[in-house]
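Q: Pasting a structure here, questions to come.
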């Protein structure tokens, strides 16, 4: 059984939270690939350096200077802190980014109007397969390889969901700081593809959650079981919102 776990920047913002998340991930059955964010840390560094922090439809507007900060934080500081958390548990882990081995290949999103932001167009998971075969937990920064060979800032949820589909993972856990997809004052237990599209089209789900849900449909329709929620989904897959693709059902374990 192969799992992909996406850890949001907020879910690993402190060493205590990161250690707890790593322990829960390490306890999952089967092999696991981890993709992490780090938006809170990126924003903090941009503010320290008087760089603008702006968003468009749930994606960070990324200037060339902002891209340097993003790559340093995600592929450097945050990536190695997540690796360290697994190593502290005695779980061998290796960090890499979407640029390494051309793992995640992207083109500019929104026609380049929001800067150095990418959307995944191709996944080449050979490096991840090699690490899994050798017994390591691959820890992936979502910074990806752009069409000219330089980096692009790719949303971590998007990177994780495309990677899960390409790897043929059984499950993907999208860990955030909310209990699931929210509507009518609470978290929705299960979303069919049709219902998910309706929520998106009607503007019930917007911004970062809309990005998450749009790409969740891609993974779900590729046969991956998708759960969106807070860290509790790492102990109970059914605790958050499950996103179902066509003809896909989710088990109870």
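Nothing in this text is a laboratory measurement; each read-out follows from the coordinates by a stated rule. From a predicted model like this one, the values you see are computed outputs, not experimental measurements. Neighbour counts are summed over all protein chains in view; Cβ atoms, including those assigned to glycine, are modelled from backbone coordinates with ideal geometry.
Q: Considering the chain as a Gaussian network with a 10 Å cut-off on Cα pairs, which listed residue, 118, 37, 76, attains the greatest mean-square fluctuation?
A: 76
Q: Can you pull the three principal axis extents for the Cα set of segment 124-244, in Å, largest first?
A: Principal axes ranked by extent give 44, 34, 24 Å for the Cα atoms.
Q: While we're here: When only C-alpha pairs under 8 Å and at least 6 residues apart count, what is the relative contact order of segment 1-87, in percent?
A: Numbers: 85 pairs, mean separation 28.7, N = 87.
Relative CO of segment 1-87 lands at 33 percent.
Q: In the Gaussian network model of the chain, springs joining C-alpha atoms below 10 Å, which of 219, 13, 227 carries the largest mean-square fluctuation?
A: 13
Q: Further, regarding this structure: Where is the GNM fluctuation largest for the chain (alpha-carbon springs, 10 angstrom cutoff): 122, 202, 88?
A: The residue that fluctuates most here is 202.
Q: What percent does the relative contact order of the chain come to when contacts are Cα pairs within less than 8 Å and at least six residues apart?
A: Details: 559 pairs, mean separation 54.0, N = 253.
It comes to 21 percent, rounded to a whole number.
Q: While we're looking at this one, here's another question. In nm, what is the difference between 0.36 nm times the number of residues separating residue 204 and residue 89 and their Cα-Cα distance? The partial results should precede the final answer.
A: Numbers: separation 115, 0.36 × 115 = 41.40 nm, distance 4.03 nm.
Contour length minus Cα-Cα distance gives 37.4 nm.
Q: Can you tell me the length gained on complete extension of the stretch residue 80 to residue 54, counting 0.36 nm per residue apart and subtracting the Cα distance?
A: Values: separation 26, 0.36 × 26 = 9.36 nm, distance 2.61 nm.
Length difference between fully extended and current span is 6.8 nm.
Q: Along each principal axis of its Cα atoms, how long is segment 29-90 end to end? Whole angstroms, biggest number first, please.
A: Its Cα atoms span 41, 24, 16 Å along the three principal axes.
Q: What is the Cα centroid distance between segment 28-61 and segment 154-188, reported in whole angstrom?
A: 15
Q: From the convex hull of the Cα coordinates of segment 151-218, what is the mean projected area in square nanometres? Working shown, then result.
A: Working: hull surface 21.5 nm².
The number I arrive at for segment 151-218 is 5.4 nm².
Q: Now for a separate question. Need one number: nm distance between label points at residue 121 and residue 183, each 7 Å from Cα along Cα→Cβ, rounded to one decimal.
A: Taking the simple label geometry, residue 121 and residue 183 are separated by 3.3 nm.
Q: Set the Förster distance to 22 Å, then compute FRET efficiency between residue 148 and residue 15 from the Cβ-Cβ distance, nearest 0.05.
A: 0.05
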